Amino acid sequence: MMKMQFYWLLLAAFLFLPRVADAEVNKKPFVIPELQEWKGSKGMFTPTTTSRIVCAGKDPEVARIAQQFATDYEQMFGRRMQVVQGGAAAGDFVLSISPDKRLGEEGYSLKITNRVAVSAPTSKGLFWATRTLLQLSEQQSDRALPKGTARDYPDYGIRGFMMDCGRKYIPMSMLRDYVKIMAYYKMNTFQIHLNDNAFHRFFNYDWNKTYAAFRLECETFPGLTARDGYYTKKEFIDLQLLADSLGVEIIPEIDVPAHSLALTHYKPEIGSQEYGMDHLDLFKPETYEFVDALFREYLEGSQPVFRGKRVHIGTDEYSNKKQEVVEKFRAFTDHYIRLVESYGKQACVWGALTHANGTTPVKSENVLMSAWYNGYADPREMVKQGYDLISIPDGYLYIVPAAGYYYDYLNTKMLYEKWTPAHVGKEVFEEKDPHIKGGMFAVWNDHAGNGISTKDIHYRAFPAIQTLSVKMWTGKDCTVPYAVFDSCRLALSEAPDVNFAGRIGTSPRAVYNLETLQPGMQTGLREIGYHYTVSFDIQAAREEKGTVLFRSPDAVFYLSDPISGKLGFARDGYLNTFEYQFYPEERATVSIVGDQKQTSLYIDGKLKEKMDIGKIYRSGGKDSMNYVRTLVFPLEKAGDFKSKIQNVEVLNYCKQLTIDN
């Protein structure tokens, strides 16, 4: 076993070295997800300054994908290839639609010789092929591609990710970046959970004070939309149009009749007095009138807000203490399945019909069920009833950041080696069972107010995207050992023109040096992600409260925070302050060291404070949650300070400094 791992590690190293000889047949190249079929030839194809992207035929979709490929190639590698119609020559990339229906809707073929021939039965397959070419290109300094032939196609049609935007506002800029990231790894389904609420035990058991949010602009019920972050209808439509252009489907989710506190905050009379105000009262006609009108706002018209072919209606975790309530829940579920279908959409539901077992019929034909917990919906029974399933088992695929239950980070090694969408909890179906349409993983932001940033979410979600894209595309037939995969994946980009993690290089080094920082200066860097050290020398002046040292679109680092005048930082609406404030004329060397767990302050090389994961107490101290104080350090622009700042150094690793006595 050790010898085999050593062999694969050597192969991985070989894949990332410049090719100096053409004597060997090329082994299957590393891409994510892994290629299904590869037949290697000898030698490399190296693009030249005259290489072009050639559209074979006059299909406008081929031309669109060619232009997208040219744009992405330029963003990643700094060279724009000309897009032309016909007349391919050696050195060109040739894109065409082929009649090979065996490749399916998303499959494609590559033939790399003295040119690169890409073909697919559909434009979507053609687009996925360009993602493979970009990944291959970024692994060689000369953008060379190994000669050979590939046929590639997914095992599962739905390969997805669900983001809880209800309990934590996720900016539209991040959602757009995630569409691009998912597309780069051939993940084609992005479910956006638009409403939810926190746990009322963290809010003194008072539903009126418990955090809840509905994130989409609403005109039918003015005031329903969250005030601390929401998406306009235009923004949400534009997100769907972007996603569609990149092969990704957006599934919007309005979660009812549980998880619905945002709705009952707006209209308390439709809340359940018996089961909690996060439950809608299913016995009141006003409940149906309200929810009908809410869905219709986004489904009606020739150009509806919900543009895709699917809409998720929630239907999860409602009380089943009384059979009459169960029957009402089943009738509610059936009603909204049919409402969504009346607008030409496929309805998606959370699996709950074992938990809500009853006699009231619920439509199953052409209904897509998210199979998350077998105790709530037994997957074999749901298939027997006629539902198609998305495999999203909570015990494998739920991330709940810093909560202490489910996963803080997915067990990617276990998933890579053992899981496929055929594994729905402990139930294991045959691979490619026609009722298992695919899989998803989810980020649930259960603990509203716990300090987690969008960067922290990304640090957890991105490795999962890379890993699970393999398991949903290539299934159980992966040939690359996990150790090699985990090493090689780190060398790949997030997506063209996306670096949400703020990575600057992979080798430990100084990535920025500046002798004197002037107020208002632009650094040329946006930020630096986890495992960094930012140091500077200061001769302090008396600064006004709120004085910024550095800022970026996502964070601010203060020389004097707005409340206490101490060193500190703000991001995602959270202000974190070190217990350190400069005297006027004080001279010191300041170092901030940050990773995914903590942010530390060193003065003159000695540790002054470590902000790690702490506890915050709610409801009079009866309940506590973890509180995270991390920082992806902002670098884009210097603030308007009076102090003298010199010898700024940014390292892309955590420098070892001294612990103060």
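For the chain, DSSP calls about 60 percent of its internal beta bridges antiparallel. From the alpha carbon centroid of the range 460-512 to that of the range 297-376 is 35 Å.
Using DSSP, restrict attention to beta bridges with both residues in the range 158-491 and report what percent are antiparallel, rounded to the nearest 5. Antiparallel bridges: around 15 percent, rounded to the nearest 5. Note on Rg and Dmax of the Cα atoms in Å: of the candidates (i) 38.6, 117; (ii) 26.6, 78; (iii) 33.9, 110, the value calculated from this structure sits at (ii). Going by neighbour counts of Cβ atoms within 10 Å, the residues Phe332, Phe536 line up, fewest first, as Phe536, Phe332. Sorting Glu543, Glu327 from the fewest to the most surrounding beta carbons within 10 angstrom yields Glu327, Glu543.
Once the chain from Tyr409 to Glu286 is taken as fully extended at 0.36 nm per residue, the excess over their C-alpha distance is 40.1 nm. The 3J(HN,Hα) values that the Karplus relation (6.51, -1.76, 1.60; θ = phi - 60°) gives for the range 476-485 are, in residue order, 8, 9, 5, 10, 8, x, 4, 4, 6, 4 Hz. Gly and Pro appear as x. If R0 is taken as 30 Å, the Cβ-Cβ distance between Leu490 and Thr50 corresponds to a FRET efficiency of 0.35.
Hey, with R₀ at 56 Å, roughly what FRET efficiency would Gln646 and Glu235 work out to, going by the Cβ-Cβ distance, to 0.05? Taking R0 as 56 Å, the efficiency between Gln646 and Glu235 is 0.85. Give, as ranges by residue number, the residues of the range 362-401 whose backbone N falls under 11 Å from the point 7 Å along Cα→Cβ of His435. Hits in the range 362-401 for His435 at 11 Å: 378-389.
Taking other C-beta atoms within 10 Å as the exposure proxy, Asp612, Asp554, Asp255 rank Asp612, Asp554, Asp255 from fewest upward. Distance from the alpha carbon centroid of the range 165-210 to that of the range 624-644 works out to 24 angstrom. Using the Cβ-Cβ distance between Leu242 and Glu585 with R0 set to 35 Å, the FRET efficiency from 1/(1 + (r/R0)^6) comes to roughly 0.10.
Length gained on full extension, Glu138 to Glu609, computed as 0.36 nm times the residue gap minus the Cα-Cα distance: 165.6 nm.
Using only helices, what value at 222 nm comes out for the chain when you add -39,500 (n - 2.57) per DSSP H run of length 4 or more and divide by the total residues, to the nearest 500 deg cm²/dmol? Value at 222 nm, helices only, nearest 500: -7500 deg cm²/dmol. Distant-in-sequence amide contacts of Asp255, defined by a placed amide H-H separation under 5 Å and a gap of 5 or more residues or a different chain, comprise Leu194, Asn195. Using alpha carbons only, the radius of gyration of the range 214-309 set against its Kirkwood radius gives Rg/Rh = 1.01.
When you filter the trypsin sites (Lys or Arg not before Pro) in the range 485-529 for DSSP loop state and at most 13 other Cβ atoms inside 10 Å of their Cβ, you are left with Arg509.
Applying the Karplus relation 6.51 cos²θ - 1.76 cosθ + 1.60 with θ = phi - 60° to the range 487-492 yields 3J(HN,Hα) values of 6, 6, 4, 5, 7, 8 Hz, where x marks Gly and Pro. Cross-link check: pairs Lys28/Lys111; Lys284/Lys309; Lys28/Lys58; Lys168/Lys597; Lys455/Lys606; Lys615/Lys655 evaluated at a Cα-Cα cut-off of 22 Å; pairs beyond the cut-off: Lys284/Lys309; Lys28/Lys58; Lys455/Lys606; Lys615/Lys655. For the range 160-239, averaging the sequence separation of C-alpha pairs within contact (under 8 Å, six or more residues apart) and dividing by the residue count gives a relative contact order of 31 percent.
Every number in this text was worked out from the coordinates using simple rules, so none of it is lab data. Just so it is clear, the structure is predicted and the values come from calculations on it, not from any experiment. Virtual Cβ from ideal backbone geometry, glycine too; neighbours counted across all protein chains shown.
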